[in-house]
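The values are calculated or read from the model by the stated rules, or taken from the named source; none is laboratory data. All figures in this text were calculated on a predicted structure; none of them were measured in a lab. Virtual Cβ from ideal backbone geometry, glycine too; neighbours counted across all protein chains shown. Just the protein is used for accessible areas: all its heavy atoms, side chains included, with ligands, DNA and RNA removed. Shrake-Rupley method; radii C 1.70, N 1.55, O 1.52, S 1.80 Å.
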Amino acid sequence: MRSAIARGDLKPGDKLPSESGLTQQHQVSRTVIREAIASLRADGLVEVRHGVGVFVLAPQSGLQKGFRSVDSNRVSSIIEMLEVRAAIEIEAAGLAASRSSPAQQELIFECLDTMNRQIAAGLSTVESDRAFHLAIADSTNNPRFRELLEAIGQQMIPRSLLQEEDVDISPPDYLSQIQREHALIARAIADGDDSAARDAMRTHLKGSQQRYRALIRRS
């Protein structure tokens, strides 16, 4: 949807399909669609008119949020962003383990299942990955965690800077490793083990930093 807006396929004033229509069109869950709409809304690309629908907004200078300094051509810039995420999300995972409701835990696992299905279909998992991390932020029951992550914008998932359209070009073994890390985080939160949840999130985000540092060494 973001790409369609950027290309002009969706123009200012256009109404997006219904939630069920988007679910069928993109073959993802309603949860992922809601998170995608929330992401577009946070970046000032759409507005939600309750009882009417979701409409594309005209681009306005300075309206979009996010860390504009993240440069996809500089791996060091991506690492900087991952370090900021670690400072936020390690604690968020621990609080989620202590505070999350069964419904919030179910949402985390639904995001995980959506990513598994998308990987199997060769589709991009960027939005569902972002939804997974935002679901954890919401599970802290402290809205400031979501606000901080939304300030980073779409770029909080580094491979969003590298993907081509709706196809994930990441190697299968990389995606499998990411999913194993995600599963450990989700299980620790569901078990109510705040220490294990922090450790699992630390392993995930520190591992991402190491993987991008390896790119620097190879370049």
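Rounded to the nearest 500, the helix-only mean residue ellipticity at 222 nm of the chain stands at -21000 deg cm²/dmol, with each DSSP H run of n ≥ 4 adding -39,500 (n - 2.57). Model label sites at Val52 and Ser3, defined 7 Å from Cα along the beta-carbon direction, differ in position by 3.0 nm. Here the Gaussian network model covers the chain, with springs between Cα atoms less than 10 Å apart; of Ala200, Ala135, Ala58, Ala58 fluctuates the most. Based on protein heavy atoms only, the chain ends up with 50 Å² per residue of surface accessible to a 1.4 Å probe. Only Lys, Arg, Asp and Glu carry charge here, each on its Cβ (+1 for the first two, -1 for the last two); on that basis the chain has a dipole of about 460 debye about its Cα centre.
Evaluating 6.51 cos²θ - 1.76 cosθ + 1.60 at θ = phi - 60° for every residue in the stretch 149-154, the Karplus couplings come out as 5, 5, 5, 6, x, 4 Hz, glycine and proline recorded as x. For the stretch 73-185, the Cα-based Rg and Dmax, in that order, read 13.9, 41 Å. Here the 3J(HN,Hα) profile of the stretch 18-25, calculated from phi with Karplus coefficients 6.51, -1.76 and 1.60 at θ = phi - 60°, is 5, 4, 5, x, 5, 4, 5, 5 Hz, Gly and Pro shown as x.
With contacts defined as alpha carbon pairs under 8 Å and 6 or more residues apart, what's the relative contact order of the chain in percent?
Taking the mean separation of contacting Cα pairs over the length of the chain, I get 25 percent.
When Glu147, Glu127 are compared by accessible area at a 1.4 angstrom probe, the order from most to least is Glu147, Glu127. Per the Cα gyration tensor, the chain maps to an equivalent ellipsoid with semi-axes of 26, 21, 17 Å, ordered largest to smallest. Fully extending the segment from Asn141 to Asp14 would add 42.3 nm, taking 0.36 nm per residue of separation and subtracting the current Cα-Cα distance. Highest GNM mean-square fluctuation among Gly207, Gly13, Gly192, for the chain modelled with Cα contacts below 10 Å: Gly13. Kirkwood hydrodynamic radius computed over the stretch 1-59 comes to 11.5 Å, based on all pairs of distinct alpha carbons.
Of the solvent-accessible surface of the chain, computed with a 1.4 Å probe and all protein chains present, 51% belongs to carbon and sulfur.
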